[in-house]
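Participant: The structure that follows is given in the form of structure tokens.
The values are calculated or read from the model by the stated rules, or taken from the named source; none is laboratory data. Quick caveat, the model's predicted, so the values are computed rather than measured. For neighbour counting, all protein chains shown are included, and Cβ atoms are generated from backbone atoms with ideal geometry for every residue, glycine included.
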Amino acid sequence: MFRFRYLVVSLVIAILVGGYVAFGGRLSLPNRETHPVNTSAVYCTNLTSANNLFALELYSELSRNRENVLISPYSVFTALAMVYEGAGGRTASAMGWVLHLSHPPGPSFLSFLERLRGKVNTANAVWVQRGFKVRSEYVRTIGRYYEGEFEELDFKGDPQGAAETINEWTASRTKGRIKRIIGHLDRSTRVVITDAVYLNATWVHKFRPSYTLNASFLLPSGKTVVVPMMHQENTFDYMETDTFKAIELPYTNGLAMLVILPKRVDGLWSLNLTPGLLERITKDMRPETVSVSLPKFTLNEFYDLKGPLTDMGMGIAFSRDANLSGIGKDLFISDVSHRAFIRVAENGTEAAAVTAVVISVTYVPSDVKTFNANHPFIFMILDRDTGAVLFIGSLVYPAHGGAAGG
């Protein structure tokens, strides 16, 4: 029986809790928005526990609006752990608080990467501004323990070209399922840290396509939608309580999909999903003959994680007071982007995710020009060939623009 022995299982948990139930959900996990760093901190003794607790808390932050959620907490956790390796002072304390690690994982992380081989494809890369000095110890740590590659780009001279290079790497490492993780970079960017995860797993017990039929899917509003529903009857690890059912659908590569189904249509929001409950579910599961109905679905979600991670307790890392001196001088995190994809069908599951942490300098070079039209100005529309002024005007009172329409 698959027992959450691998770090990547957090990806599967998040996918199923957030993706299988089409309306997502808000779990009853504590929010540490303004909690002082290192006060009653929950630090885990191993990376699996830390990753899984981080997974549940991040899911909780992202599921507030009761819509679909799809994340790879493993990918986000890995990218942030690489930043954590170069953090110091209060920034390191805040990142450790959020990641549930009392210190950067370093050598421990390599053993987890090795345990994932053959199950998922993972890749890490650090993109550095050409000529920017990155601490040699940081380069050694990321290369040795995270198998991260270092590449130089010209963020200052060609930020769009740099973004395109990172997006090409993203598409390559996810078999084209995720084509873009970086939208815009500016001249203050000095480092971008990326993590990519891809898996294509086949069910041990495949669903027969001929058994897939359209069926109703109940929404919390009371309405229904029609979805293609897969069916099969087989022996699976299964457990049931008064409030929910759980089933484990194994893949041939040693992974599994855990599906937790509340008995009430709106029961997801009263489900207190904690590490303790997950442990109880896996311990209480027993082989049973089960008739399974599972919808085919595809999700492709994007998240800006700056807000959620700030609410979780690492806001200092996004401020000008950040201490990332273990990476380089005068740096702070300006953005964390995450995109995830999943396709669940009769044959199995394909999933991919990429996380990008954009690190910028706190001081912007003086040669950057500023044009801030926050006072009266003149404007013209010209014919560029002849130089003729076609329109001219001035804006003095923006609120007095005349009637709209006409």
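Participant: Counting only residues that are of a type in the set (Asp, Glu) and more than 30 Å from LEU299 (Cα to Cα), how many does region 315-349 have?
Facilitator: The first filter runs over region 315-349 and keeps only residues of a type in the set (Asp, Glu), leaving 321, 330, 335, 346.
Adding the requirement that they be more than 30 Å from LEU299 (Cα to Cα) leaves 321, 330.
Total meeting the criteria: 2.
Participant: Could you name every one of the strands (runs of 3 or more DSSP E) located completely within region 306-406 that has at least 2 residues being at pLDDT below 70 and more than 30 Å from GLU248 (Cβ to Cβ)?
Facilitator: 377-382, 389-395
Residue by residue, here is whether (1) in contact with a Gly (Cβ under 9 Å, 6 or more places away or on another chain); (2) part of a loop (DSSP other than H, G, I, E, B); (3) surrounded by 14 or more Cβ atoms within 10 Å (Cβ to Cβ); (4) among the basic types (Lys, Arg) holds:
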site	(1), (2), (3), (4)
TRP169	no, no, yes, no
GLY183	no, yes, no, no
ASP186	no, yes, no, no
ALA196	no, no, yes, no
VAL225	no, no, no, no
MET229	no, no, yes, no
PHE236	no, no, yes, no
PRO250	no, no, yes, no
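Participant: Then there is this: Among the residues of region 270-279, is there at least one that is within 30 Å of ALA81 (Cα to Cα) and among the small types (Gly, Ala, Ser)?
Facilitator: Yes, some residue in region 270-279 is within 30 Å of ALA81 (Cα to Cα) and among the small types (Gly, Ala, Ser).
This table checks each residue for (1) closer than 30 Å to TRP203 by Cα; (2) outside any loop (DSSP other than H, G, I, E, B); (3) out of contact with any Lys or Arg (no Cβ under 9 Å at 6 or more places or on another chain); (4) without any contact (Cβ under 8 Å) to a residue 40 or more places away in the chain.
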site	(1), (2), (3), (4)
ALA87	no, no, yes, no
VAL98	no, yes, no, no
ASN124	yes, yes, yes, no
TRP127	no, yes, yes, no
PHE155	no, no, no, yes
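Participant: Check THR122, THR141 and return the single one that is more than 19 Å from LEU255 (Cα to Cα), surrounded by 14 or more Cβ atoms within 10 Å (Cβ to Cβ) and among the β-branched types (Val, Ile, Thr).
Facilitator: THR141
Participant: Looking at this structure, is VAL197 β-branched (Val, Ile, Thr) and at pLDDT 95 or above?
Facilitator: Numbers: β-branched (Val, Ile, Thr): yes; at pLDDT 95 or above: no.
In short, no.
Participant: Give SER216, SER221 a once-over and let me know the one that is farther than 27 Å from PRO250 by Cβ, of a type outside the set (Val, Ile, Thr) and assigned to a strand (DSSP E or B).
Facilitator: The match here is SER216.
Participant: Within region 145-163, track down each residue that is within 29 Å of PRO107 (Cβ to Cβ) and acidic (Asp, Glu).
Facilitator: Those that are within 29 Å of PRO107 (Cβ to Cβ) and acidic (Asp, Glu): GLU147, GLU149, GLU151, GLU152.
Participant: Scan (1) without any contact (Cβ under 8 Å) to a residue 60 or more places away in the chain; (2) of a type outside the set (Ser, Thr, Tyr); (3) in a loop (DSSP other than H, G, I, E, B); (4) surrounded by 21 or more Cβ atoms within 10 Å (Cβ to Cβ) for the single condition ILE178 breaks and write down its number.
Facilitator: For ILE178, the failing item is (1).
Results for (1) out of contact with any strand residue (DSSP E or B) (no Cβ under 7 Å at 6 or more places or on another chain); (2) surrounded by fewer than 24 Cβ atoms within 10 Å (Cβ to Cβ); (3) of a type in the set (D, E, K, R); (4) at pLDDT below 95, shown as yes or no for each residue.
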position: TYR74; (1), (2), (3), (4): no, no, no, yes
position: MET82; (1), (2), (3), (4): no, no, no, no
position: ALA87; (1), (2), (3), (4): yes, no, no, no
position: SER111; (1), (2), (3), (4): yes, yes, no, yes
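Participant: Here's a follow-up. Inside region 245-286, can you point out the residues that are at pLDDT 90 or above and among the basic types (Lys, Arg)?
Facilitator: ARG280, LYS283, ARG286 - these are the residues of region 245-286 that are at pLDDT 90 or above and among the basic types (Lys, Arg).
Participant: Let me ask something additional. Can you pull out the residues in region 172-184 that are within 16 Å of the chain's Cα centre (by Cα) and under 18 Å from VAL336 (Cα atoms)? First the steps, then the outcome.
Facilitator: Residues of region 172-184 that are within 16 Å of the chain's Cα centre (by Cα), as a first pass: 173-174, 177-183.
Matches in region 172-184: ILE178, LYS179, ARG180, ILE181, ILE182, GLY183.
Participant: Mind checking which residues of region 257-305 are surrounded by fewer than 18 Cβ atoms within 10 Å (Cβ to Cβ), part of a strand (DSSP E or B) and more than 21 Å from the chain's Cα centre (by Cα)?
Facilitator: The answer is LEU261, PRO262, ARG286, PRO287, GLU288, THR289, VAL290, SER291, VAL292, SER293, PRO295.
Participant: Out of the residues in region 125-136 that are farther than 27 Å from ASN253 by Cα and surrounded by 17 or more Cβ atoms within 10 Å (Cβ to Cβ), which is farthest from the chain's Cα centre (by Cα)?
Facilitator: Applying the first criterion (farther than 27 Å from ASN253 by Cα) to region 125-136 yields 126-136.
Filter once more, so that each one left must be surrounded by 17 or more Cβ atoms within 10 Å (Cβ to Cβ): 126-129, 132, 134.
Working: VAL126: 17, TRP127: 19, VAL128: 22, GLN129: 24, PHE132: 27, VAL134: 25 Å.
That would be PHE132.
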